[in-house]
Amino acid sequence: MKNAVAGVRAFAAEDEFTAFAVEFGTPFQQFFDDVRAFGDQGSNGVRIAKSVAGHKRVLFVKGDFIVVGKRGGDASLRVFGGRLVERVLGKDQHLSGGGKRDGGAKTGDSGPDHEVVTNNAVRRSAHNPMVQTKRNMPSYVVTTGTQRYECRIERGILSRVAEFLPAKAGKVFIVTTRDVWKLHGSGMTFPHEVVFFPGGEPNKRLSVLEAMAGVMLAKGADRSSVIIAFGGGIVGDVGGFLAAIFMRGIPVIQVPTTLLAQVDAAIGGKTGVNLVGGKNLIGAFHQPLAVLIDPSVLETLPEREYRSGLFEVVKYGIIASPKLFRLLADDSARVLALDPEAVDFIVGDSVRIKAEVVSADEKEGGVRRILNYGHTLGHALEAETSYSRMLHGEAVAYGMNAAAYLAERLGLLAKADAEEMRRVTALYGPWPAVGDLSPEALTAHTLKDKKTIQGTTHFVLAEGVGTVRVVSGIAASDVTAAAAAAL
Ligand SMILES: NC(=O)c1ccc[n+]([C@@H]2O[C@H](COP(=O)([O-])OP(=O)(O)OC[C@H]3O[C@@H](n4cnc5c(N)ncnc54)[C@H](O)[C@@H]3O)[C@@H](O)[C@H]2O)c1
Ligand SMILES: [Zn+2]
């Protein structure tokens, strides 16, 4: 074994096997030996998948992924605490029998923690013969109690969406907005119908959904139809929810086109619409068949939308990836200029984290709450400004700044770390002024947050980059002081 490096690196060199493992006191060598034993068994996908699924720690096998599950308390939080270890193995340590290991795996241990092993070299030759870039374009698997699906990041994937349709799919309905369709619709070259969503948060309503369902029916939709949700987070939520309830549920493929949707909204199966009384109050969990992400579509995104999405990426850096955070801190010029290598990395690493968290906790009972970093005050800010002044990510930027002040104030986070976090958010500003808002009103609002459980606001706070924890029972005066400092 060569190059045992602490920290996280996303992609292997072309002819090497890279394994990511999370150390919970499991000897890594033992883990790797298990994986290699699996690889050595031959090339019958089903037989191998079964035997691996029967292995005591294997959660499931799909394509080039081997996900190993474990049970255990709050260990899942530590997955995201910067304890990932990377090992790069030389050519003589390749897995053998590469590329034919898909299909038929059953769920074994369904504990909350998992380890993901990817073999980029095998995937490139066996599954991605048409990859358009020299770089390794990664793919991450989400697994929930009932489903598993791929989140694939690949330039040019729009032209290959049809490959992800079920074998017996009926008519395909692309739910999209006119702007996205005009810019990128020509990439969808397979037979389809288009159902336009008028766009915008005020249209994210049941009445609009009903009208869209009527259009689908008129165009011949039935139970075998499939929806492709092609657009930003709003289209993803609306298209996903339409799929969840049309004829009691048809499949959806998410093809997100904003940064926010690519790194967040499209992954995890949350779908829904707004009520007058609040955002996303009617909805359903409806996991997609696949999430297909083409980072090149971001080049047409309005700059402010892109920067707003970057704050969610900063969030992933803070909660789970020191390497991602460093790139955002040191290379903001490349990130802001949409340098393809930088964009592919920030999208890929964010998707990896979201896929891991959702897999560990589909319905937000535990570890998924760490995704709310910066969101408690962020949601309060959005609501206090009637969802009209700031984009979601901009509100989260304030929320993350407030969280850094709060963690510092409570003695959880060193001053220098808190300052660095605030410096990085500022690199991706500016954001709308909120000096007119009252910190007390924001604090009061956090108590009304949908995520509030029995009157206690849970704050996700950082102890350093890559290490967060959920803290409850924080005094309102501390929250107000942090909000005042961030405004
Ligand atoms: N389901 C979830 O887990 C989840 C998570 C986060 C946010 N959301 C939801 O996502 C929504 C916000 O999504 P958003 O920020 O993507 O906003 P959005 O969907 O409104 O998209 C922003 C704008 O960019 C346009 N656009 C999209 N892709 C483009 C492209 N490639 N080039 C040019 N223009 C493009 C859209 O038409 C729109 O005008 C909210 O409704 C929020 O509730 C859902
Ligand atoms: Zn968010």
> Quick check: is even one residue across the range 461-477 of a type outside the set (Asp, Glu) and either within 16 Å of ligand 1 (Cβ to nearest atom) or assigned by TED's automatic domain parsing to the domain that holds GLY200 (or both)?
Replying inline: no
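Return yes when LYS354 is farther than 29 Å from VAL255 by Cα and either among the basic types (Lys, Arg) or within 15 Å of ligand 1 (Cβ to nearest atom) (or both) and no when it is not. Break it down into steps so the answer makes sense when it comes.
Details: farther than 29 Å from VAL255 by Cα: no; either among the basic types (Lys, Arg) or within 15 Å of ligand 1 (Cβ to nearest atom) (or both): yes.
When the stated conditions are applied, LYS354 does not pass them.
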> What number of residues within the range 374-398 satisfy the criterion of being away from ligand 2 (no atom under 12 Å from the Cβ) and small (Gly, Ala, Ser)?
Replying inline: 4
> If PRO340 satisfies every condition in (1) away from ligand 2 (no atom under 16 Å from the Cβ); (2) crowded, with 23+ Cβ neighbours inside 10 Å; (3) outside the structural domain of THR176 (by TED's automatic domain parsing) but one, which is the exception?
Replying inline: (2)
>> Which condition from (1) of a type outside the set (D, E, K, R); (2) within 19 Å of the chain's Cα centre (by Cα); (3) under 30 Å from ASN274 (Cβ atoms) is the one that MET390 breaks?
In response: (2)
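Can you find, within the range 274-284, the residue that is nearest to ASP237 (Cα to Cα) among those that are within 10 Å of ligand 1 (Cβ to nearest atom) and modelled with pLDDT under 95? Working first, answer last.
Just the residues of the range 274-284 that are within 10 Å of ligand 1 (Cβ to nearest atom), to begin with: 274, 279-280, 283.
Of the ones still in play, those that are also modelled with pLDDT under 95 are 279-280.
Numbers: LYS279: 11, ASN280: 9 Å.
Step by step, filter the range 274-284, then rank; the result is ASN280.
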> Within the range 235-250, can one find any residue that is over 25 Å from GLY200 (Cα atoms) and surrounded by fewer than 24 Cβ atoms within 10 Å (Cβ to Cβ)?
Replying inline: yes
>> Based on this model, can you work out whether TYR428 counts as buried (at least 18 other Cβ atoms within 10 Å of the Cβ), in the same structural domain as GLY374 (by TED's automatic domain parsing), within 17 Å of ALA482 (Cβ to Cβ) and modelled with pLDDT of 95 or more?
In response: no
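Here's the yes/no breakdown for (1) assigned to a strand (DSSP E or B); (2) away from ligand 2 (no atom under 16 Å from the Cβ); (3) not assigned by TED's automatic domain parsing to the domain that holds VAL141:
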| position | (1), (2), (3) |
| --- | --- |
| PRO202 | no, yes, no |
| SER224 | no, yes, no |
| GLY236 | no, no, no |
| ASN274 | yes, no, no |
| LEU292 | yes, yes, no |
> Within the range 251-265, which residues are assigned to a loop (DSSP other than H, G, I, E, B) and either surrounded by 24 or more Cβ atoms within 10 Å (Cβ to Cβ) or within 7 Å of ligand 1 (Cβ to nearest atom) (or both)?
Replying inline: THR257, THR258
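Go through the range 297-374 and tell me which helices (runs of 4 or more DSSP H), entirely inside it, have 2 or more residues that are modelled with pLDDT under 95.
Details: elements: 303-320, 322-330, 332-336, 340-360.
So the answer is 340-360.
Return yes when ARG352 is under 20 Å from GLY236 (Cβ atoms) and either touching a strand residue (DSSP E or B) at 6+ places or on another chain (Cβ under 9 Å) or surrounded by fewer than 20 Cβ atoms within 10 Å (Cβ to Cβ) (or both) and no when it is not.
Numbers: under 20 Å from GLY236 (Cβ atoms): yes; either touching a strand residue (DSSP E or B) at 6+ places or on another chain (Cβ under 9 Å) or surrounded by fewer than 20 Cβ atoms within 10 Å (Cβ to Cβ) (or both): yes.
In short, yes.
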> Residues of the range 377-417 being in a helix (DSSP H, G or I), at pLDDT below 95 and of a type outside the set (A, V, I, L, M), which ones?
Replying inline: HIS379, GLU382, GLU384
> Can you name the residue in the range 300-337 that is acidic (Asp, Glu) and within 16 Å of ligand 2 (Cβ to nearest atom) and, of all such residues, is nearest to ALA266 (Cα to Cα)?
Replying inline: GLU312
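The values are calculated or read from the model by the stated rules, or taken from the named source; none is laboratory data. Everything numeric here is computed off the predicted structure, so don't read it as measured data. Cβ sites come from the backbone with ideal geometry, for glycine too, and all protein chains shown count toward neighbours.
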